[in-house]
Each structure stands twice: as structure tokens, then as C-alpha cells.
Ligand code: ARG
């Protein structure tokens, strides 16, 4: 006997090369406590089915609980000879209670339904931690928005000045996708809340065990509908990984803005000393490393997702050992997000915005040209013509050497462009006037931004 879970039909033990390749304890030991919880639930199912005596149940449940405390304390670890977490824990259980009682636990289950169940348990737990971290970033964005009231900034498209917006509007535009990511994790949980335990290797169990009871014992809403699906599918894992990658992408887009905003050229923000780093050679440097790590980790999270999808593509039903490769990418995604999110939340919460500079830059780049066009429309001019006339104003400004701003055109210059351009147009040639005029739902007018700020807070509290 090789000590493995499957020695019986083999004349020799596994080769050293196979052992090295096959071993997964270096990462699946992270599931040890969940495996022991699953084993306790399974022991109770065996007992209810009349396959374990009262005394044996007590012996097993007590031993499994003792092992769980030892795992938590870090004193129980796999041996190099153990193939995986399941085999290691069975070996240790048998060492503690003997083969007569310890050898009964494996009846009616397979590592295939065990591992599928444990990964769901692991991801459900980490989904809650990640959602909490995402909500902390949302809170930081919402608090910064609230702290900046009616402060304007240059709104951009194509990275070029487009129209003035409120800083709060821009910050909240980063909060909404993150709120949807938390929604996505909640929606995902409804699909993940079904337990594969009882699926056996693929075909289900013949021993009269009750998968619904095991599911309830482990905090699931119920058992999976199909034992082949229960052991072979990993779409629930891939979906978790997608949401993780999307969170990474959303943090990366926010981070890219922080990186730009912190440059000398933009000069929109100063990073807090506690959330920025220096250079080992250039004494003056203050670098946005958190934002850069967020951007970098987004690439890694996308890789975790695409690696998993590539592993799944082309796998026939039911279980194949390829599925062992699902765990490292998804564990990595959880670990990366759990270290990243608190750092991003702290970085955002401690940003100092240079509102004077933001206000001074807001009308630059002829960002009020649309306001001229829309003023002309309100005066009865067709938009097509209004657009042309506002464009002519920009051209007139650029004809000056050096170029001037739209509000610096004289009454005579405006009238020369069109008789429609009376001096009254000047009422929209201010940043505050432009911003206040965009008062449609979701717009940048202070009343609208105050509304969405309250809505974002409420949404964050409900989640
Ligand atoms: N370690 C495997 C995994 O992570 C579970 C064991 C199933 N192995 C097997 N030969 N059926 O997927």
C-alpha cells in the first residue's frame, strides 16, 4: 500500500516524477478547514443513513474538530508524501482514530464532489471579503465627492478637454461601476449557493445519503441538480474570476487617472505620504506606486481569468484532472484583491485635490464651445448651424497670436461671426453657468450631482 487514497489495484507506488507533478497540497491546504467542515457534515449524513454508529460519529466529529483547531493554529501540516488536502487529512484522521473508524468516512463521497464543494465554499467566503473591500473604495470616493461640493474640473474625452464637470461627478463616475461589481458578487452567490456534495465521482451516491442535509449543514441553499454537472463544471469559478478581473479593471481605470492627476503637468492632486513611495536615487521623487500596482494587478487578474477559461475549454465531462488547475488562479485573484483594495481605499481617501488649479483649467481648451451652440439653439438657431457658429468662434480665438479664450472675443468679433451672437451669449461663457445648465438627469449640475451622491451612499449602505 502506498498510503495514497487509491493504492489497491497498483502493484507499485507512484514514481517520484508523478508525485511531484500530482501534488497539490502546496496550494489546496488553504481548503483544509473547509474540507474538515465538509467531513463533519458528511459524517452526520453517514450516521443518518445508518452507516455510522453513534459512538463512531462522536469519535469522528471530535477528531475532525480537533484537527480543525490544529490547522487553524498552524500546527497541522501536510507531509511531502501527501497527494492533496483530502488525502493528507484522511491520513491524519486515521493516525488519530485508527483505520476501523477513520476508514469509514470516505464512503459515498469522492474527491471530485469534495473539491467542487470546497472551492465554492472558499469563493463564497472570499466574495464577502472582496465585496467589503470594494465598498471601502466606494466610501472613499463618495466621501471625497461630498467634500468637494461644487468644485469644477476639466471633463475630458479622448483625454482632451471636453466640457467642465464637477469633481464630485467625476469621482462618483468611478464609484458606480464598483457598486455594480458588488452587485455582481451578490448575484454570483445565488448560483454558487448550491452544493455538489453527494455527486460522488460523477454519478451520485448509492448509500442513501442526503445531499440536501449536507448542503444545509455547510450553509448552502441546496444541492446541485445534476451530479455530473456538480463535479465537472467550473463556470461558477470562472464567473467569480471574471468579476475579480473586472474589479481589477475598474480599479485600474481609476488608478490611471490618479497617476495622471499626480503628474506635474496635470497637478490636480497630491498623494498622501503614507500612500506614496520614494526613489532610491532621486531624493525629490514621490511616486504613485499603489495606483501603478493596481494597474499592474489588473493585468494579472485578467491572466488568472483567461488561464482558467483556457483550461476549461475542450474538457469533456465529467471530472478531469485538468480541473486541479482551477485553484491557483482563483486563489491568487482573491489574495491579490484582498491586499490591493485597502491600499486603494486609503490612497483615494487621502488624496488632496488642488481645486484652484482644477477650476482654472476647467474652461481651457474651448470647453465652453458646446455651451455657445446650445445657447444658440435656445435662441431658435438649428443645431447644425449653431455647431458651425460655435466652431467659428473657436477658430476666431485661435486666429489671435497668441490664441485667446472664448470669453475674450469682443462684441464686434462675435457679431461678425453671426448676428445671433449678441453679448447675451456671455451668460453661458462661465464654468459655473455651463455646469449649472446641465441639469438633466445624471448631469453635472450641482443639484443633480447632490442627488446621485445621496443615491450612491444609499446603494452602498444597502449592499
Ligand atoms: N486535487 C484534485 C483537484 O484539485 C481533486 C482530486 C480529484 N482527483 C482525482 N484523481 N479524481 O481537482
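Just so it is clear, none of the values below were taken in a lab; they were calculated from the coordinates. Bear in mind that the values here come from a model prediction, so they are computed numbers and not experimental data. Note: ideal-geometry Cβ built from the backbone for every residue, glycine included; neighbour counts use all protein chains shown.
Quick one: length gained pulling residue 399 to residue 216 fully straight, 0.36 nm per residue minus the C-alpha distance?
So the extension gain works out to 58.3 nm.
Write down the Å³ per residue value for the convex hull defined by the alpha carbon atoms of region 16-107.
Value for region 16-107: 89 Å³ per residue.
Of all beta bridges DSSP finds with both residues in region 112-359, what is the antiparallel percent, to the nearest 5?
Within region 112-359, antiparallel bridges account for around 80 percent of the total.
Among 379-386, 218-225, how do they line up from the highest to the lowest mean number of other beta-carbon atoms within 10 Å?
Ranking the peptides 379-386, 218-225 by packing returns 218-225, 379-386.
Just want the ordering: 355, 117, 422, from fewest to most Cβ atoms lying within 10 Å of their own Cβ.
In increasing order of surrounding Cβ atoms, one gets 422, 355, 117.
Calculated FRET efficiency, residue 160 and residue 455, Cβ-Cβ r, R0 41 Å, to nearest 0.05?
Once the sixth-power term is evaluated, E becomes 0.90.
Helix 32-48 versus the longest principal axis of the chain: what is the Cα-based angle in degrees, 0 to 90, to the nearest 10?
50
Given the -39500 (n - 2.57) contribution per DSSP H run of 4+ residues, what per-residue ellipticity at 222 nm results for the chain, rounded to the nearest 500 deg cm²/dmol?
That calculation yields -19500 deg cm²/dmol at 222 nm.
With a/c under 1.5 counting as rounded, go ahead and sort region 169-304 into rounded, prolate or oblate using the C-alpha gyration tensor (a ≥ b ≥ c being the square roots of the eigenvalues; past the cut-off, prolate if a/b is larger than b/c, else oblate).
Prolate shape, in that a/c is at least 1.5 and a/b is the bigger ratio.
Just need log10 I(q)/I(0) for the chain at q = 0.11 Å⁻¹, Debye formula, equal scatterers on the alpha-carbon atoms, no solvent, rounded to two decimals.
Log10 I(q)/I(0), no solvent term: -0.93.
Taking square-rooted eigenvalues a ≥ b ≥ c of the alpha carbon gyration tensor, is region 112-359 rounded, prolate or oblate, where a/c under 1.5 means rounded and, failing that, a/b exceeding b/c means prolate?
Prolate.
Helix 111-147 against the longest principal axis of the chain: what's the angle in degrees, Cα atoms only, rounded to the nearest 10?
For 111-147 against the chain, the angle is about 20 degrees.
Please state the shape class of region 256-393: rounded when a/c is under 1.5, otherwise prolate if a/b exceeds b/c and oblate if not, all from the C-alpha gyration tensor.
Because a/c hits 1.5 or more and a/b fails to exceed b/c, region 256-393 counts as oblate.
For 462, 271, which order do you get if you count the other beta carbons within 10 Å of each Cβ and list the fewest first?
By the 10 Å Cβ count, ascending: 462, 271.
By how many degrees, 0 to 90 and rounded to 10, does the Cα axis of helix 446-462 deviate from the longest principal axis of the chain?
The two axes meet at around 10 degrees.
What ranking do 261, 6, 176 get, fewest neighbouring Cβ atoms within 10 angstrom at the top?
Ordered by Cβ neighbours within 10 Å, fewest first: 6, 176, 261.
Roughly speaking, what is the centre-to-centre gap between region 209-253 and region 32-92 when only Cα atoms are used, to the nearest Å?
Measuring centre to centre over Cα atoms gives 23 Å.
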